[in-house]
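K.L.:
Structure incoming, see below.
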Amino acid sequence: MMPTRRQLGIVPIIAAAALTPGTAAAQAPRVLNIGVNRVSVGAEPAFDGGIHQAKVVGEMFENLLDVDYVTPGRFKPVLAERWSRVDGRTVDFHLRRGVTFHNGDELTAEDVAFTFGPERLLNADAPTRGELGRHMGPIERVEAVDRYTARAVMRGDNPVIEALFTQRPAAIINRRAYLAAGSFEAWMRASVGTGPYRLRELTPGRHVILDLHGAYWGAKPHFERLVFQVIPEVSTRISGVIAGSLDIAADIPVDQLRRVQGRREARAVGGPVNNMRAIYLSRRDNPLMRDVALRRALGLAIDRQRITRALWGGHPSVPEGMQWPTMGAMRITDRDWPHAATFDPDEARRQLATSAYRGEALNWTLMNNYYINEVATAEALVEMWRAVGINVRLTVVENRAQVNTAPLDIRNTSMDYDGFPDPFPILGQFGRGGFVSSIHRWWQNDEVDRLGDEMMGSTDPAVRKAAWRRILRIIEWDDPAVFALHTTAAFHIARSDLTWTPANSEWPMMQLATARR
Amino acid sequence: MNGAWMAAKLLRAAATLLLAVTVVFIVLRLAGDPAEILFGDNVGEESLIRYRALWGLDQPLGVQYLLYLRSLLLGDFGLSSQSGASAWQLMMGRLPYTLQLGGVSLLLAVLIGIPAGVAAALARGSLTDRVVMLAAVSSFCIPNFVLGVVLILVFAEQFGWLPSHGTGGIWHLVLPALTLGTGWAGVLARFARSAMLEVLGQPYIRGARASGLTEGRVRWRHALPNAAIPLVTILGFMVGGLVAGAIVTESIFAWPGVGRLLVDSVKLRDLAVVQAIVLMVAATMVAANLVVDVLSAWLNPRLPAATGA
Amino acid sequence: MDVALAVPPVTRVDTPPLLALWQITVDFAARGGGMVRVVHGIDLDIRPGETLGLVGESGSGKSVTCLAALRLLPAEAQIGGRIAFDGADIARMGAAQLQSLRGGRIAIVFQDPAAALNPTQTIGWQLRERLVRHQGLRGEALQAAAIAALARVGIADPAQRLEDYPHHLSGGMCQRAMIAMALTGKPSLLIADEPTTALDVTTQAQILALLRDLQRETGMAMVLVSHDLGVIAESCARVAVMYAGRIVEQGPTTEIFATPRHPYTRGLLDSLPRIDHVVARLAAMPGALPQPGRLPPGCSFAPRCDRARPACVANMPRLEMQGARALRCLHPHDGPPAPPGIVQMEPGADQQGVPMVEAQALGLRYAPRRLLGLFARGAAVQAVDGVSFTLHRGETLGLVGESGCGKSTVARMVAGLLTPSNGALRFAPERNAAPGVPAPRFAQLVFQDPLGALDPRQRIAAQIAEPLEIHRIGNAASRRAEVLRLLDAVGLDPALAEAFPHRLSGGQRQRVVLARALALRPPMLIADEPFSALDVSVQAQVIELLAELQAREALTLLFISHDLRVVRRICGRVAVMYAGRIVETAPAERLFGSPQHPYTQALLAAVPSPDLGARPSHQPLRGEPPSPLRPPPGCRFHPRCAMARPLCRVEAPALRELFQGQAVACHVAHGDA
């Protein structure tokens, strides 16, 4: 009896050994191994999965058109060959012919219409409806005019319709596959797009494997397989590249880059990206935060240069308020209110003195380094605020739900603007129906709502710019809702024999299709 | 071993499992809404409501509990709220890796720790003894993450002899198993030494020597089997720690085991997965203790179960 | 007395010795560094076929010397001197030679037989192991030899016993098995280190008889180490007395015990209680045994010796040979010892008044273990069955019996620590509480192990005062005074009041326990083996103390012991228990003078005494006490009783009065069968 029991104990171990996948097949396709911090549970472009999802989705899905970074204000055709304005609120997209989805279907206007349709996006209970508020808000409907023409109709006249369709949530998906999946979760794990790579295997917490899409309409990538391996420990990722078992180690904090200094096998790549860190100010939960002087003081007390030097090696820049270079002509460069990046502790104290604030604790709940340097930045800010007499209490939690249920006076964000050539995304945050003003209701301003309508309702650049100036002034100074900290820089470590440059945006992100050895 | 004894043990095991799952069930639901975590910031309330209904989270706690128990008895462990995959599949996909890592680590720990402890006991007071004990204490004082990273730096990066992460062959197991097993080896060495010393001080050891038995026979046929008795109990505890103890090692080496899955699932309040894993861990502990009981009875005829009387 | 030589005679002096120890010293590592000498230059010769006794108390070094002879001490011990065995020097032998010598030509048997056997292997496995080692047998021959070996030492059903584990066997059977294992190498010398100390007195008699028979058969020499002078007297032709690591006196047993010359030897003999028909006051030696590292200057015994002179303190006396005797003393005794003072044992008891304790058909049944509260596993055990006795005020009742007879269980029931499952316990009205409930002001307990009975973290004074505190008697000052009074009453130096228990010797600790027990001035004391853990010389002191206290404070005493000699000294009335029942009760004089129950007779006959010496006609009681799980039907003693009749097998005899004050539970004694 005794031996039997003991033998039984050994069986699972033998079984376990037998179950492990063996080494990869000898005739290896050209594989690119990328070490990442985590992977998302699914590959769905309109699902907010953060930067780790964007990496994968960026190789699988494409938009109708892309931003042309070389010539500001222009767009590159991708899935749409050309497009034409029908009227102030309507644009027709003429699709490229012969584009094949990963499942063999041909791209038609039906797919485009479905991508932005009620089931997926527009209905109140649609799974990706959240993206509406942030990115695709003005869309009223998209319909198929004919097989290769899709018509996008906005709620009202809108000067930036084309730009809207360059964003990540506007990537085109396959209608048939979505419907066949049965549930949104199932679709996420078996999604179908038009991009150079298709989804072969998605094991949450472990890896995502993408295979070359044989029938891809565009230039064939060099690597036939992309393997995103989850390696949570940064040090191990770097070691993997140095040792040669990885080609790329993604998202390396600045202070770790010196591991490859002077090494021949690996080098650091990357730099600034179209993303900025900012601080939201909420007056929803705490009456104290209604005080304008307090909120101004919060912004004035911050020494942004110091943060970028200390935590980021000086790489990021300090933006001119809630603006970015690709806004082009819409950029406000002449302010009649203090520059958003002003560091003036004395003025901060003067503002405080006029307020009713008497040192009560303000609440800031944040996640534990979901963003790189999140906690360190927060601690630095708390000290800077303390120096002028503002008391902020930090609470670090595990997940976003806990952040959202906590009383919130201050909240940090990492906002990517993807080189959007217009201030429109700001309205997606603070304007009518916006993320901050409507969905979370941290802050809302009737004047901004009205100005937003003005800005988006006109095509006259002068009118728009005037409206934008006043919006900017309100959200930065008159009724502060937010202040920008700095832009972000993203770095990776790659094998030296790999020719590759990552994009400087979240969308597209890594451009692995362009990598070659 | 008789049937009544086994039956009693199995009943107790089932009660333990039920208690474990119930506690986890209640605690998880008290902190954090899975739907919000899944969908993040910018989702409207309506989507959240729909998803809560889908997952049955809008029902009273007692109802959810009974439904869960019922599905358990039918063998249905539920779906992951994060990915929609079957919780059972998710866990079983990772379990072989945990077993591999845990099994090899335990084996390493036993093969290194016990002989070291025995050697130290036999050479008590000498330099060997002190060196071994120093090594043992250091090994369980050095944190996993330090040891793991150092091993990677030296063996993977510097010399390139061993892979630094992932799975794929026996060599991938070496560094993670060393990282995990070293601490346990140190613990086992300490216990083996003290167990051996205690046994060596017993009158029957002197009696065996006095009978003219060779020193080797006294040590290996008389002392060691008796010293093994408390060690078996400790090994039972270690087996239970197989899953949870490997979390850090799994993170460092990107080893796709259950430990990391558990931590991620708890953070994301992926209830079905957490419950499935807790059940599995509890079952492992219970099974390990059963094996320990049986082994102990076999090794130590003084225990009542052995006689069946 | 004219002895038909059952004991091998002292062999002629000119025969070369089998084992010669010459200037043996043993040093152990001391706690604070350095070495402590435990054995100081022992010279001993053992001749072929002779039996040498080695007598001494704790710290005398007798066991250490024997272990040193075979180099069985731990590696930290340093042995000096020569150990000559058959020409070779054991102290310088190589490992292989030493291992074949051990268990081969020299075998050793230890004190606690169950502990000296590997608990996780069967007897047969361990016996076969030795047979293989020393006789090189295998297969069928091996098994047959194992069975024969067990049969030879008197184990019934040897084939079955081979499959048993040590914890299945009784103490006596384990010791027999150990002896069998020792014989596998056909030794010419057997060293027996306290082989019977852990055994009951009847079992002891069996084992000693066995050893003597084996010696006669094989002609092997034996060294018998013991603290019990009676055991030595019965078995050994020659004896060496050790004190503080040295031999102080040596010579033929009969001569040494008849006319001891060394004051220590004489004191030992005087300290030993007897079971004669008179009761001797024990002449206890004052003081305590010296610790190995803290020997007094000069003669180690001088501080306790009433014949000490200045010369004794100045120099350590040398061991002088005087014919067949050796002596290490500057001022020895001459002539035979004076007869001891006789103690008149008062009936003392208030026979008329309300008894302190009255037990009627008292019983305690241990229910079988239950699995999950439902399934019974194992049988019920009736530890005490139908015990009836009366304890009068001022009386000392001794409850004697061997291990497992239930005497301690009865004591606990009387103390209120256990609730009887049958029968009734009635107490004098001042007890004031229900039976089964402890009543500290009525009876106090004194247990066997004084170190265990005292809190190691509390000072002596605090522990003695604790009962007063708990019962809120007096205030701090009056309690303090009471503590001092009690210390004085038990003969302890008041300076010890602030000491911790581990600083005190065993005897002093037991005095503290007595003092604490008396703090509440209980009318009754229940003492359960209070002296078993003490050395003989110390035991005598505390025995006399207890006797004195009992007389002075008019205590009622329920005294439980297995040692009949001590019971004879203290108790006015005795009840003998066997297998949970009382088989005889009588006033002490009658019981010891003319015991009526066969078991009582066997018990008394088994007690070894220095006066009686060797008793060749004495046949020890056969067999073992019955298992409480399966008591024999009818009279429980009948399987071992030489006088058993058919009726005894069927009907249990009742305890009925036979003579005035003497009640016996035996059909034969009453003439019924």
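K.L.:
So how many residues does the stretch A:326-380 have that are within 29 Å of the chain's Cα centre (by Cα), within 30 Å of A:Glu398 (Cβ to Cβ), open to solvent by 20 Å² or more (accessible area, probe 1.4 Å) and small (Gly, Ala, Ser)?
P.N.:
2
Quick grid of which residues meet (1) touching a strand residue (DSSP E or B) at 6+ places or on another chain (Cβ under 9 Å); (2) in a loop (DSSP other than H, G, I, E, B); (3) free of Cβ contacts under 8 Å to residues at least 24 places away in the same chain:
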position	(1), (2), (3)
A:Asp111	yes, no, no
A:Asp125	no, yes, yes
A:Val142	yes, no, no
A:Arg151	yes, no, no
A:Arg176	no, no, no
A:Ala180	no, no, yes
A:Gly193	yes, yes, no
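K.L.:
A further question on this structure: Would you mind listing the helices (runs of 4 or more DSSP H) fully within the stretch B:19-98 where at least 2 residues are modelled with pLDDT under 85 and within 14 Å of another protein chain (Cβ to nearest Cβ)?
P.N.:
Hits in the stretch B:19-98: B:34-39, B:45-54.
K.L.:
Still on this structure: Would you be able to say whether some residue in the stretch C:616-627 is closer than 28 Å to C:Ala380 by Cβ, without any contact (Cβ under 8 Å) to a residue 40 or more places away in the chain and of a type outside the set (A, V, I, L, M, F, W, C)?
P.N.:
The answer is yes, given that some residue of the stretch C:616-627 is closer than 28 Å to C:Ala380 by Cβ, without any contact (Cβ under 8 Å) to a residue 40 or more places away in the chain and of a type outside the set (A, V, I, L, M, F, W, C).
K.L.:
Follow-up question, since we're still on this one. Under the condition of being at negative phi and not hydrophobic (A, V, I, L, M, F, W, C), which residue from the stretch A:381-391 is least open to solvent (accessible area, probe 1.4 Å)?
P.N.:
The selected residue is A:Asn391.
K.L.:
Being open to solvent by less than 30 Å² (accessible area, probe 1.4 Å) and in a strand (DSSP E or B) is true for just one of C:Leu127, C:Leu67, C:Leu21. Which residue is that?
P.N.:
C:Leu21
K.L.:
Right, something else. Can you find, within the stretch C:94-121, the residue that is nearest to C:Met173 (Cα to Cα) among those that are open to solvent by 20 Å² or more (accessible area, probe 1.4 Å) and assigned to a loop (DSSP other than H, G, I, E, B)?
P.N.:
The extreme case among them is C:Ala114.
K.L.:
When you go through C:Ile191, C:Ile155 one by one, which is the residue that is buried (at least 24 other Cβ atoms within 10 Å of the Cβ) and either farther than 28 Å from C:Ile46 by Cβ or of a type outside the set (Ser, Thr, Tyr) (or both)?
P.N.:
Answer to the check: C:Ile191.
K.L.:
While we're here: With respect to A:Gly104, determine if the residue is away from chain B (no Cβ under 14 Å) and more than 29 Å from A:Ser438 (Cβ to Cβ).
P.N.:
For A:Gly104, the condition - away from chain B (no Cβ under 14 Å) and more than 29 Å from A:Ser438 (Cβ to Cβ) - is met.
K.L.:
Suppose we filter the stretch B:73-92 for residues that are open to solvent by 30 Å² or more (accessible area, probe 1.4 Å) and either in contact with a helix residue (DSSP H, G or I) (Cβ under 7 Å, 6 or more places away or on another chain) or in contact (Cβ under 8 Å) with a residue 40 or more places away in the chain (or both); how many remain?
P.N.:
Going through the stretch B:73-92 one residue at a time, the tally reaches 3.
K.L.:
Only one of C:Ala540, C:Ala481 is farther than 25 Å from C:Arg412 by Cα, among the hydrophobic types (A, V, I, L, M, F, W, C) and open to solvent by less than 10 Å² (accessible area, probe 1.4 Å); which?
P.N.:
C:Ala540
K.L.:
Something else: Which helices (runs of 4 or more DSSP H) sit wholly inside the stretch C:228-313 and have at least 3 residues that are open to solvent by less than 10 Å² (accessible area, probe 1.4 Å) and at negative phi?
P.N.:
Here the list reads C:229-235, C:263-271.
K.L.:
Now for a separate question. Just need a number here: residues in the stretch C:97-136 that are free of Cβ contacts under 8 Å to residues at least 40 places away in the same chain and at the interface with another protein chain (Cβ under 8 Å from one of its Cβ atoms).
P.N.:
The total comes to 6.
K.L.:
Also, I was wondering about something else. Working only within the stretch A:45-77, note down all residues that are in contact with an Asp or Glu (Cβ under 7 Å, 6 or more places away or on another chain), part of a loop (DSSP other than H, G, I, E, B) and open to solvent by 50 Å² or more (accessible area, probe 1.4 Å).
P.N.:
Once the filter is applied, which keeps residues that are in contact with an Asp or Glu (Cβ under 7 Å, 6 or more places away or on another chain), part of a loop (DSSP other than H, G, I, E, B) and open to solvent by 50 Å² or more (accessible area, probe 1.4 Å), the stretch A:45-77 yields only A:Arg74.
K.L.:
Output the number of residues of the stretch C:432-463 satisfying the condition of being in contact (Cβ under 8 Å) with a residue 12 or more places away in the chain and either part of a helix (DSSP H, G or I) or of a type in the set (Asp, Glu) (or both).
P.N.:
So the count comes out to 8.
K.L.:
Would you tally the residues in the stretch B:209-227 being open to solvent by less than 10 Å² (accessible area, probe 1.4 Å) and more than 10 Å from every other protein chain (Cβ to nearest Cβ)?
P.N.:
1
K.L.:
Keeping to the stretch C:70-80, report how many residues are more than 14 Å from chain B (Cβ to nearest Cβ) and open to solvent by 30 Å² or more (accessible area, probe 1.4 Å).
P.N.:
2
K.L.:
For the stretch C:156-210, give me each residue that is at pLDDT below 90, within 13 Å of chain B (Cβ to nearest Cβ) and in a helix (DSSP H, G or I).
P.N.:
C:His167, C:His168 - these are the residues of the stretch C:156-210 that are at pLDDT below 90, within 13 Å of chain B (Cβ to nearest Cβ) and in a helix (DSSP H, G or I).
K.L.:
Out of the residues in the stretch B:265-289 meeting the condition of being crowded, with 20+ Cβ neighbours inside 10 Å and within 12 Å of another protein chain (Cβ to nearest Cβ), tell me which one is nearest to B:Arg12 (Cα to Cα).
P.N.:
B:Thr284
K.L.:
Further question on the same structure: Please go through the stretch A:78-87 and give me each residue that is part of a loop (DSSP other than H, G, I, E, B) and either β-branched (Val, Ile, Thr) or at pLDDT below 85 (or both), ordered by number.
P.N.:
Passing the criteria: only A:Val78.
K.L.:
Let me ask you something else. Would you mind stating whether B:Ser139 is out of contact with any Phe, Trp or Tyr (no Cβ under 7 Å at 6 or more places or on another chain), surrounded by fewer than 16 Cβ atoms within 10 Å (Cβ to Cβ), more than 14 Å from chain C (Cβ to nearest Cβ) and under 17 Å from B:Gly113 (Cα atoms)?
P.N.:
Criteria not met by B:Ser139.
K.L.:
Kindly provide the set of residues from the stretch B:234-264 that are away from chain A (no Cβ under 12 Å) and under 22 Å from B:Trp171 (Cβ atoms), ordered by number.
P.N.:
B:Ala246
K.L.:
List the number of the failed condition for A:Ala513; all other conditions in (1) touching a His at 6+ places or on another chain (Cβ under 9 Å); (2) open to solvent by less than 20 Å² (accessible area, probe 1.4 Å); (3) at pLDDT below 90; (4) of a type in the set (A, V, I, L, M, F, W, C) hold.
P.N.:
Failed condition: (2).
K.L.:
What are the residue pairs meeting all of these: first residue in the stretch A:20-40, first residue surrounded by 11 or more Cβ atoms within 10 Å (Cβ to Cβ), second residue at pLDDT below 60, Cβ atoms under 9 Å, and 6 or more apart or on different chains?
P.N.:
Once the first residue is surrounded by 11 or more Cβ atoms within 10 Å (Cβ to Cβ) and sits in the stretch A:20-40, its partners that are at pLDDT below 60 give A:Val31/A:Ala24.
K.L.:
So, one more: Taking B:Gly245, is it open to solvent by less than 30 Å² (accessible area, probe 1.4 Å) and either modelled with pLDDT of 80 or more or closer than 30 Å to B:Ala227 by Cα (or both)?
P.N.:
Answer is no for this residue.
K.L.:
I would also like to ask the following. Say whether the condition of being among the small types (Gly, Ala, Ser) and under 19 Å from the mean Cα position of the chain (by Cα) is met by at least one residue in the stretch A:426-446.
P.N.:
Within the stretch A:426-446, one or more residues are among the small types (Gly, Ala, Ser) and under 19 Å from the mean Cα position of the chain (by Cα).
K.L.:
A further question on this structure: State yes or no: is A:Phe101 of a type in the set (Phe, Trp, Tyr), under 22 Å from A:Tyr197 (Cα atoms) and touching a helix residue (DSSP H, G or I) at 6+ places or on another chain (Cβ under 6 Å)?
P.N.:
no
The values are calculated or read from the model by the stated rules, or taken from the named source; none is laboratory data. A quick note: this is a predicted structure, and the numbers were derived from the prediction, not measured. As a convention, Cβ positions derive from the backbone with ideal geometry for all residues, glycine included, and neighbour counts pool all protein chains shown. Keep in mind that these areas ignore ligands, DNA and RNA; they rest on the heavy atoms of the full protein, side chains included. Shrake-Rupley method; radii C 1.70, N 1.55, O 1.52, S 1.80 Å.
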